[in-house]
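Encoded as C-alpha cells, the structure appears first; notes follow it.
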Amino acid sequence: MLSKAETKALYNKISKAYDLLSDHSEGPLREAGLKMLAAKPGETILEIGFGTGHGLVWLARAVGDSGKVHGIDVAEGMMAVAQGLLRHKGVADRAVLRCGDAEDLPYDQTAGQF
C-alpha cells in the first residue's frame, strides 16, 4: 500500500504515459459508468480522481454550455494532461480543475455548491 505522497509521486511520474498503460482496460469501464450517470445539459458535476481527463471531456460535452464540470485529482501531472485534453477537445471553458485530496474536498459540501 502506497502512502498519499507516494501515490501522488507515482501518478505525477506516469501522467504523460498513463493512457498508453491503462486506457485499453479502463476505457470501456469509464464509458459504461458515464452512460449510467447520464449527465444532462445544465448540470454541475464533480469528478473525483479525473486522471488524464477523458471522463471530464465526456461530462463537459454532456452538460453543455449551460453546465459545469469540476474535477479534483491528487497529481499535478494528471491535471496538466487533463487540461491539455480539455483544450484540445474545445471544452476547457466548461471545466474547473483543482489538485487536492478527496478526503478533504475544497468545496462547500453542505450547500451543495462548487
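Computed from the coordinates by the stated procedures, all read-outs in this text should not be read as laboratory data. Note that the structure is a prediction, hence the values are computed from the model and not measured.
Estimated from helical segments only, the mean residue ellipticity of the chain at 222 nm is -15000 deg cm²/dmol, where each DSSP H run of four or more residues counts as -39500 (n - 2.57).
GNM on the chain, alpha-carbon springs under 10 angstrom: the most fluctuating residue among Leu85, Leu59, Leu20 is Leu20.
The Rg/Rh ratio for the chain is 0.96, where Rg is the radius of gyration of the alpha carbons and Rh is the Kirkwood radius.
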